[in-house]
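A quick write-up on the structure given underneath.
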Amino acid sequence: MDTQNPSAPTRAQSRTAGKNHPHTEPGGGGLIHDNTRHTTRFTVIGNHLAQHPELSGLAIGLAVYIQSLPKGARVDIKTLAARFPEGRTRISAALRELETHGYLRRERQRTPAGRIVTRTISCNQPGRRRTQDHPVPTPARKKRTPAPRKPLPAVPQPAYPAPTLLHTATDLLADLRRHDPRLLLSACDTAHLAPGVAAWLERDVTPIAVRHALTTDLPPGPLCRPAALLAHRLTTQLPPPPPFRAPAPPPDVVRHPLRTCDGCDRAFRSPAPGRCRDCRSHVLEAA
């Protein structure tokens, strides 16, 4: 009830000629407002109450006083009679006027302790009930379903996905968080990126070089989706295959000419004439 209204005008706006108040004098006399803008401790009162054609002055004054009180203040007849010089009879009649025109309501409620108490409800605009028992229904908010996450970009695939190569690539990805805590990857993201790292290792790139390419010049601040950034780098910065190197030819095999054994006349290959291996072994045994 004690509501600040910063948009209220600093001075009362003058009426147009066609909407002059009936109590104003046409000759220019009558009421003149000397207003000062309130910034604290003020109450907004509608003209429908302040200029009510059927309420008495005492009823209007009591309504203004009640609307300026904080929540929980006592507004029974005894308390109001102690506050104002009017007696209980006049105050009781004024309160009945306010009830008749909808500015006051009295409701009986049961407390958690089981007692029956009377609650006095002050309405600054009659006809608009806003109580705990009759709340104004609010439109239900539609639940926003989260948009499905886009799949990670594709990564290069190795020509020969050997298990040892994929294991080395997985260990390299799991170790990235030690170099930058923002590169903490899930098991699913690691399984998606491991073939791309294996494709780099397959092209004679060392694990240190791969780690340097993935962790250097990262954008500042938190990373929204680090796996997508790593997938982009693995694809766009993929090095070319190593140059082709022909395998070295096997060494030439020296073929010795055929010789005739001096002991058994059997042919065998040897750089010089003599005996074959069997004949040499028999000679050694005999010796």
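A few notes on this one:
- Test: residue in the range 139-149 that is over 30 Å from residue 100 (Cα atoms), modelled with pLDDT of 85 or more and exposed (fewer than 11 other Cβ atoms within 10 Å of the Cβ): no
- Any chance residue 227 is open to solvent by less than 40 Å² (accessible area, probe 1.4 Å), under 30 Å from residue 179 (Cβ atoms) and assigned to a helix (DSSP H, G or I): yes
- Whichever residue in the range 36-67 is without any contact (Cβ under 8 Å) to a residue 40 or more places away in the chain and surrounded by fewer than 10 Cβ atoms within 10 Å (Cβ to Cβ) and, among such residues, is nearest to residue 86 (Cα to Cα): 57
- Per-region count, the range 245-259, residues open to solvent by 100 Å² or more (accessible area, probe 1.4 Å) and of a type in the set (A, V, I, L, M, F, W, C): 3
- Selection count, the range 234-263, where residues are within 30 Å of residue 191 (Cβ to Cβ), among the hydroxyl-bearing types (Ser, Thr, Tyr) and not in a helix (DSSP H, G or I): 0
- Of everything listed in (1) without any contact (Cβ under 8 Å) to a residue 24 or more places away in the chain; (2) open to solvent by less than 50 Å² (accessible area, probe 1.4 Å), the single unmet condition for residue 210 is (1).
- Selection count, the range 114-123, where residues are part of a loop (DSSP other than H, G, I, E, B) and open to solvent by less than 90 Å² (accessible area, probe 1.4 Å): 2
- None of 105, 90 is of a type outside the set (Asp, Glu), on the phi < 0 side of the Ramachandran plot and open to solvent by 100 Å² or more (accessible area, probe 1.4 Å) except 90.
- If you go through the range 219-267 and pick out every residue that is touching a His at 6+ places or on another chain (Cβ under 8 Å) and among the charged types (D, E, K, R), you end up with 0.
- In this entry, residue 259 is excluded by the filter for residues that are in contact with a Pro (Cβ under 6 Å, 6 or more places away or on another chain), over 15 Å from residue 173 (Cβ atoms) and modelled with pLDDT of 90 or more.
The values are calculated or read from the model by the stated rules, or taken from the named source; none is laboratory data. Just so it is clear, the model here is predicted, and its values are computed rather than measured. Don't worry about glycine lacking a Cβ; one is built from the backbone with ideal geometry, like all the others, and counts go over all protein chains shown. Accessible surface is based on the protein model in full, side chains and every heavy atom, while ligands, DNA and RNA are left aside. Shrake-Rupley method; radii C 1.70, N 1.55, O 1.52, S 1.80 Å.
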